[in-house]
1. Restricting the first residue to the stretch 265-282 and requiring it to be touching a residue at least 24 places away in the same chain (Cβ under 8 Å), which pairs with a second residue that is buried (at least 19 other Cβ atoms within 10 Å of the Cβ) and of a type in the set (Phe, Trp, Tyr) meet a Cβ separation below 6 Å and a spacing of at least six or different chains?
2. Tell me yes or no: at least one residue of the stretch 239-261 is at pLDDT 95 or above and either within 25 Å of Leu100 (Cα to Cα) or in a loop (DSSP other than H, G, I, E, B) (or both).
3. Go through the stretch 63-77 and count every residue that is in contact (Cβ under 8 Å) with a residue 12 or more places away in the chain and more than 14 Å from Ile235 (Cα to Cα).
4. Can you report the number of residues in the stretch 147-164 which are buried (at least 19 other Cβ atoms within 10 Å of the Cβ), closer than 14 Å to Glu192 by Cα and either touching a Pro at 6+ places or on another chain (Cβ under 7 Å) or polar (S, T, N, Q) (or both)?
5. Give me the helices (runs of 4 or more DSSP H) completely within the stretch 1-66, filtered to those with at least 3 residues that are of a type in the set (A, V, I, L, M) and at pLDDT 65 or above, ordered by residue number.
6. Could you figure out which of (1) in the same structural domain as Asp110 (by TED's automatic domain parsing); (2) of a type in the set (Gly, Ala, Ser); (3) under 30 Å from Val327 (Cβ atoms) isn't true of Ala251?
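The values are calculated or read from the model by the stated rules, or taken from the named source; none is laboratory data. These numbers come from a predicted model, not from an experiment. Every residue, glycine as well, gets a Cβ built from its backbone with ideal geometry; the counts of neighbours run over all protein chains shown.
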Amino acid sequence: MKSLLILFLSAIISCLHAQQFSLPELSHPYDAYGVIDSKTMEIHHSKHHQGYVNKLNKAVKAESLEKKSLIDLMLYASYRSKAVRNNSGGHYNHTLFWELLNPSKVKSTDEQVLKTIKSKLYIEIVNEFGSLDNLKTTLNKAAATRFGSGWAWLVVTPQKKLAVTSSPNQDNPIMDVSEVRGIPILGIDVWEHAYYLKYQNKRGDYLGAIWSILDWSVVAKKYNMAIKDPLLLTIEKEHWPSLMEFHKVLAQTFHPAEKNDFKPLRTRSSELFAKAILLKSSVVPSPLMSPEILGALSRLEKQCGALDKSVRKNAKNKVILKKIIAVHDIFHEIQGLCHD
């Protein structure tokens, strides 16, 4: 009985100390990928990817973000630390990359594979790019012209269209820092550690070779999942650049004022007002368009104008504190409406 109790307690302690994220296993041995040499696969997977996992687990623990999902960590990347942003992206991006690589895929043409499985993806590729070869050319160009380290992506946008884009470092289209937002269904790693041992500086040769082990049946499955994923609606709602810009200035002025530091607010009240004007005149994401949102935006602009006027008249701290709190409350009302 005592030994069972000890085992039970040990299991609980183990769960409490378990890491949130872990390194996925590859579908094949390191030496099976052919166009990517064994040593590159081993270092890339067991060193680089493992490093992202280790650093991500450390970062989320240090910042009390253990309850956040990987998607949530990336969605709000602009508000995360560099450690969380870089390593959450590194973990997600590489996990997708490994899933796409299949050196034992059936030796048919990629077009035959997509036609055989009667893929909706193939129809969309033809509609958007004209042909599968044109899509590959577009992706290769995005990958080849990505300066420095980064990724090239095939993305399902919130409008359920296909788009090609690229991102620096370990960013990806889920993140709010990306110009093109959506769910990636294909990603090509163009960090030098992905190809340098075999291809040296010849990124183009690597890009030409990678297609021979990329499994389009997996891409098709990910497309079918993506077009049904509620994450698309979330991304569409969150992709409101003017709202993000206003939030950044508000955070940089409101929080110091809370701590009795009014210098940022007194020096940037006009900037906050200008951001409020731009926000009110911006295009509201279609899922958010409502009389309530539009009314709140008008009140926010008016309140920011009153705040700026008080600051320019050198009003007392308690006066401008009251006005910035009102601005803050209206902004959070807008945020609440965005998530209803």
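1. These pairs meet every condition: Lys275/Phe246; Leu279/Phe246.
2. Scanning the stretch 239-261 turns up at least one residue that is at pLDDT 95 or above and either within 25 Å of Leu100 (Cα to Cα) or in a loop (DSSP other than H, G, I, E, B) (or both).
3. So the first thing to find is which residues in the stretch 63-77 are in contact (Cβ under 8 Å) with a residue 12 or more places away in the chain, and the list is 63, 65-66, 70-71, 73-77.
So of that shortlist, the ones also more than 14 Å from Ile235 (Cα to Cα) come out as 63, 65-66, 70.
Residues meeting the conditions: 4.
4. Within the stretch 147-164, the first condition is being buried (at least 19 other Cβ atoms within 10 Å of the Cβ), and the residues that meet it are 150-158, 162, 164.
In the following step, the residues that additionally are closer than 14 Å to Glu192 by Cα were identified as 150-152.
Imposing the further condition that a residue be either touching a Pro at 6+ places or on another chain (Cβ under 7 Å) or polar (S, T, N, Q) (or both) reduces the set to 150.
So the answer is 1.
5. Fully inside the stretch 1-66 and qualifying: 50-62.
6. Failing condition for Ala251: (1).
Yes/no matrix, rows are residues, columns are (1) buried (at least 17 other Cβ atoms within 10 Å of the Cβ); (2) at pLDDT below 95; (3) in a loop (DSSP other than H, G, I, E, B):
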position	(1), (2), (3)
Ala83	no, no, no
Ser88	yes, no, no
His91	yes, no, no
Thr95	yes, no, no
Lys105	no, yes, yes
Ser108	no, yes, yes
Val113	yes, yes, no
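Residue by residue, here is whether (1) closer than 14 Å to Ile320 by Cα; (2) modelled with pLDDT of 95 or more; (3) touching an Asp or Glu at 6+ places or on another chain (Cβ under 8 Å); (4) among the aliphatic types (A, V, I, L, M) holds:
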| residue | (1), (2), (3), (4) |
| --- | --- |
| Thr267 | yes, yes, no, no |
| Ser270 | yes, yes, yes, no |
| Ala276 | no, yes, yes, yes |
| Ser286 | no, no, yes, no |
| Glu292 | no, yes, no, no |
| Leu297 | no, yes, no, yes |
